[in-house]
Amino acid sequence: MSNDPLLQPYQLKHLTLKNRIVMTSHEPAYPEDGMPKGRYLAYHAERAKGGVAMTMTAGSAAVSKDSPPVFNNLLVYKDEVVPYLKNLTDAVHEHDTAIMIQLTHLGRRTRWDKGHWLPVVSASHEREAAHRAFPKKAEDWDIERIIKDYADAAERMKAGGMDGIELQAYGHLLDQFWSPLTNSLESPYGGSLSNRMQFTFDVLSAIRERVGPDFIVGMRYTGDEMLENGISPEEGFEISHRLKASGMVDFLNVIRGHIDTDAALTDVIPIQGMANNPHLDFAGEMKAATGMPVIHASKIPDVATARYAVASGKVDLVGMTRAHITDPHIVRKIIEKREEQIRPCVGANYCLDRIYQGGEALCIHNAATGREQTMPHTIAKADVSKKVVIVGAGPAGLEAARVAGERGHHVVVLEAANVPGGQVLLTSQSERRKEMMSIIDWRMAECERLGVTFKFNTWAEADEVNAEKPDVVIIATGGLPDTDVLAKGNEHVVSTWDIISGDVKPGKNVLVYDDAGDHAGLQAAEIIARSGAKVEIMTPDRSFAPEVMAMNLVPYMRSLQALDTTFTVTYRLQALEKDGSVLKAHIGSDYGGISRVKEFDQVIVNHGVIPLDEIYFDLKSNSSNHGEISHDQLIEGHPQSVVRNSEGTYQLFRIGDAVATRNTHAAIYDALRLVKDL
Amino acid sequence: MKALVAVKRVIDYNVKPRLKSDGSGVDLTNVKMSINPFDEIAVEEAIRLKEAGKVSEVVLVSIGSSKSEETIRTGLAMGADRGILVNTGDPAIEPLAVAKILKSIAESEQVGIVIVGKQAIDDDCNQTGQMLSALLDWPQGTFASVVDIQSADKVLVTREIDGGLQTLELDLPAVVTTDLRLNEPRFASLPNIMKAKKKPVSKVSLADLGLPENFIEPRLIVQKTEAPEVRQAGVKVADAAELIDKLRNEAGVL
Ligand SMILES: Cc1cc2nc3c(=O)[nH]c(=O)nc-3n(C[C@H](O)[C@H](O)[C@H](O)COP(=O)(O)O)c2cc1C
């Protein structure tokens, strides 16, 4: 047997977990009608197959009707959930993986204009910044019905074949009762710590009465709110001791921090560029103090850190949650001594930021995640090996190369630069976002393993491509910044890439005009602001940088606000006039009636890219399909069979930003779904 | 004042070299090749001198097969002005021959400063700059960490030496070789890669330079090439006492 600390079994009550790596609760927002149906099941089954010891399903599954989902959570207050759970738990158990589920009442962390339009309830009228609802203060009958709702839900979970449940108590109703900041009730549920914890113990007692002493029940809770007058670490330790002393709790899943603002949430679940495992020591202290089984997750994205977390005895079970969103087969690769092949989580947080915008969780660089029913995590070999020539070694081109390599094709990649990466190279010029390069590095390592040939410093023209005698040509050349947005004065504009690459030095008084709203605008703004210049970010939209999304915005704001950047929304830059060294910016508004002039010495425009598509059009006429991609075949997962030119000697496809400005995920998804059927 | 920078196409520093099965050298088939990192620093320095108004033109020269044009294009994408490719075919040529070729070009181009990498990461010779300086009878500033052109005929070169830094004042023209800490080379952006495609690269042969073909013939004979011994796995010791015991009794170093 292996002596890897991560691969040792763990006994949790009667349940033997086969190793130490778990996925903590995370709602990927895949439920259909609030139920875990096929997509949900396929997602968890793939990870069970990959060897994870336990998956904590759901994430904030709603026990009550007045806890309407904020990101398409499971509705476990409905009896109809049980058969779906049965299918889910069976599918996971088949791989000898344990499965549990997190239950919650969100309290004030939701909205009243959802679900049944019931008022939001909490232990005070304090509003939560993130969801904006002003809550009703719970009355006796609210408390009674919610206690019963928890117990009913727990019973359903047991009936659905779950190995256990976990109650969420960080930012949700249970700890809204705990925290002096959000509990203004009188006795018996307000006041002293005992009173503030009473609701939790009432819930636990009701659950135990229903599910018995053997069913596993854990608590995921904050042991330190890190807020003035909130739950202090001392109180957190006291809470932990009392949870243990109650005898009703089987494990502690330790969190540190609070989540009522985007910034606070980001400190609890850090993203790329922030420190790894920031709360591991704290979790270890909780374990040392209580001797309870402890689970903990918070940016432990790599196996080495996970191994340390377990080997050092700080935790019993280590959560690698986003890491599993990126690679479902982590444990299997550890067992098979293929750790270096694990697709790394780069902390882009695309998964989490999307669910807070009402989308489903998707991985920035694994397009099969959440699409297990149609997209493979393991690529099968093709029956016939083809010669595939790919132009461009950015994310789209490299994903195409990797997948074509897995298919067993003979792959050649032509790249103009002397290094791979495309636009990710620009991204990684930001110290904070260097982790993004792993998207490229992992693919390069996989391509090397698969025998893909690279030709760098090669500006491919039709001749270079034809010389390879391809069966299939994939154009993944990306684009160049489009800055032609003004009625007059476009020649005075500098692109975000000019700034990020260092080709143009920042000015002193700079306008960053951004209607693309993606990372490039903020990245350029940050470089300029750091050089000491005065920066104004302007957008015609109602909010700035919408594509960056909530948690990704946090590090930018921390940096830009400290550098005194101005944010201007709802104004449109119309024209520029040069007057000596001064640029006169003519500014209007889509709302009409505005015409202003403001002076700058440099104006940056962020407006996406224009495809670099010359080679595509040069190759089009001699291709068999004239570049056409059948959308039906693409969506249904059939090989492309369009023929528009029977003389054509190769199929031609275009992917990523070489078609139109999108993002990294779109580029990679383009590549995967086309090439998997090649 | 023109700056001449020599750039060599070498195995990429990220690649783990594999030996040819006959032991005659490193297998370069299908291996990623790049500009020698010290030469990249040299290119960057020349471009910075040009940006500072100290240098009027940055000319790159590479010696080797036609593939070395890629290496020149890399430097042009960073911002150099033009390139000269001295086509000597495939065989590796030795530092003395390289120095003689560079001498010929430095003279015909009438450059004010030659900047080369202190060594190439493939053969680690660390000889070309010094030989070139002797052949030209120009002063040399090797292992530079600062290059500060004072006037049309003076340059201050700070060198990294054992135990500290030494600053030399050299008469121009001079030869400078770059050390790691001289600068951090810039990122070659796609727009600049596109611009570099249009920059001129003249291709010359040894004959064009008035040099005899035979003088690039190797003077050294490679006897054999061997991979370093595979490192043995280490062991973990429980405490300091065990460590001392092992150092004394097993390693015999105490
Ligand atoms: C898409 C997504 C949804 C999440 N939803 C929940 C949730 O509902 N409840 C919860 O306690 N944690 C939730 N989390 C937090 C994770 O359980 C985990 O604490 C966090 O991702 C940090 O661990 P990691 O760095 O290993 O990903 C979610 C995380 C993600 C990525």
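Computed from the coordinates by the stated procedures, all read-outs in this text should not be read as laboratory data. Quick caveat: nothing in here was measured; it's all calculated off a predicted structure. Quick reminder, even Gly has a Cβ in these numbers, built from the backbone with ideal geometry, and neighbours come from all protein chains shown.
Computed values, structure above
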| item | result |
| --- | --- |
| Residues whose placed amide H lies under 5 Å from that of B:CYS125, excluding near-sequence neighbours | B:ALA120 |
| Mean residue ellipticity (222 nm) of the protein assembly as shown, computed from DSSP H runs ≥ 4 via -39,500 (n - 2.57), nearest 500 | -9000 deg cm²/dmol |
| Spin-label model distance (nm) - A:PHE617 vs B:GLN223, 7 Å beyond Cα toward Cβ | 6.3 nm |
| Candidates B:ALA152, B:ALA144, B:ALA106, ranked by Gaussian network fluctuation over chain B, Cα under 10 Å, top entry | B:ALA152 |
| The range B:127-205-the range A:111-125 distance, computed between alpha-carbon centres (Å) | 69 Å |
| Anisotropy class of the range A:157-300 from Cα gyration tensor, a/c 1.5 cut | oblate |
| Amide H contacts of A:VAL76 (H built 1.01 Å from N, under 5 Å, at least 5 apart or other chain) | A:ALA62 |
| Centre separation in Å (Cα based) which lies between the range A:158-185 and the range A:525-577 | 38 Å |
| From phi via Karplus (6.51, -1.76, 1.60), per-residue ³J(HN,Hα) for the range A:193-203 in Hz, x at Gly/Pro | 4, 4, 5, 5, 8, 4, 4, 4, 5, 5, 5 |
| Gyration tensor (alpha-carbon) shape descriptor, the range A:517-651, a/c threshold 1.5 | prolate |
| Estimated D of the range A:5-357 in µm² per second, where Rh is the Kirkwood radius over Cα pairs and Stokes-Einstein applies at 10 °C, 1.306 mPa s | 79 µm²/s |
| Tail fraction, Cα-Cα pairs, the range A:420-533, threshold 26 Å, whole percent | 37 percent |
| Cα-based convex hull, the range A:326-421, per residue volume (Å³, whole number) | 137 Å³ |
| Backbone HN-Hα couplings from phi across the range A:345-354 [Karplus 6.51/-1.76/1.60, Hz, Gly and Pro as x] | 5, 9, x, 5, 6, 4, 4, 6, 4, 5 |
| Nearby lysines by direct alpha-carbon distance to A:LYS578 (threshold 20 angstrom, same-chain neighbours under 8 apart not counted) | A:LYS488, A:LYS505, A:LYS508, A:LYS534, A:LYS598 |
| Residues whose placed amide H lies under 5 Å from that of A:VAL411, excluding near-sequence neighbours | A:VAL388, A:THR453 |
| Per-residue ³J(HN,Hα) for the range A:115-123, Karplus 6.51 cos²θ - 1.76 cosθ + 1.60, θ = phi - 60°, Hz, x for Gly and Pro | x, 8, 6, 8, x, 7, 10, 8, 9 |
| For chain A: relative contact order, % (alpha-carbon pairs under 8 angstrom, 6 or more apart) | 10 percent |
| Neighbour-limited loop hits for trypsin sites (Lys or Arg not before Pro), the range A:524-600 (at most 10 other Cβ within 10 Å; DSSP other than H, G, I, E, B) | A:ARG542 |
| Where labels lie 7 Å past Cα in the beta-carbon direction, separation of A:LEU118 and A:GLU547 in nm | 4.1 nm |
| Cα gyration tensor of the range A:67-186 - equivalent ellipsoid semi-axes, whole Å, descending | 29, 14, 13 |
| Using alpha-carbon coordinates, inclination of helix A:280-290 to the longest axis of chain A, degrees | 10 degrees |
| Förster radius 41 Å - calculated FRET efficiency between B:GLU109 and B:ASP22 (Cβ-Cβ, nearest 0.05) | 0.50 |
| Inter-label distance for A:LYS337 and A:GLU139, nm, one decimal - labels placed 7 Å from Cα along Cα-to-Cβ | 6.8 nm |
| Degrees separating the helix A:550-562 axis from the principal Cα axis of chain A, which is the longest one | 80 degrees |
| Residue-averaged beta-carbon neighbours from other chains (10 angstrom radius) around B:183-190 | 6 |
| Sparsely packed GluC sites (Glu not before Pro) within the range B:4-51, loop by DSSP, other Cβ within 10 Å at most 15 | none |
| Sites matching trypsin sites (Lys or Arg not before Pro) across the range A:250-347 that sit in DSSP coil, with at most 10 neighbouring C-beta atoms within 10 Å | A:LYS337 |
| Chain B, relative contact order [Cα under 8 Å, separation at least 6], % | 22 percent |
| Cα pair distances exceeding 33 angstrom across the range B:2-249, given as percent | 26 percent |
| Lysines with Cα under 18 Å of B:LYS16, excluding same-chain neighbours fewer than 8 positions away | A:LYS455, B:LYS32 |
| Shielding score for A:497-506, defined as the mean number of other chain Cβ atoms within 10 Å | 3 |
| Distance histogram in 20 Å bins (all Cα pairs of chain A, percent per bin) | 17, 46, 31, 6, 0 |
| Length-normalised contact order of the range B:11-50 in % [C-alpha pairs under 8 Å, at least 6 apart] | 39 percent |
| 10 Å Cβ neighbours from other chains, averaged over peptide B:70-79 | 2 |
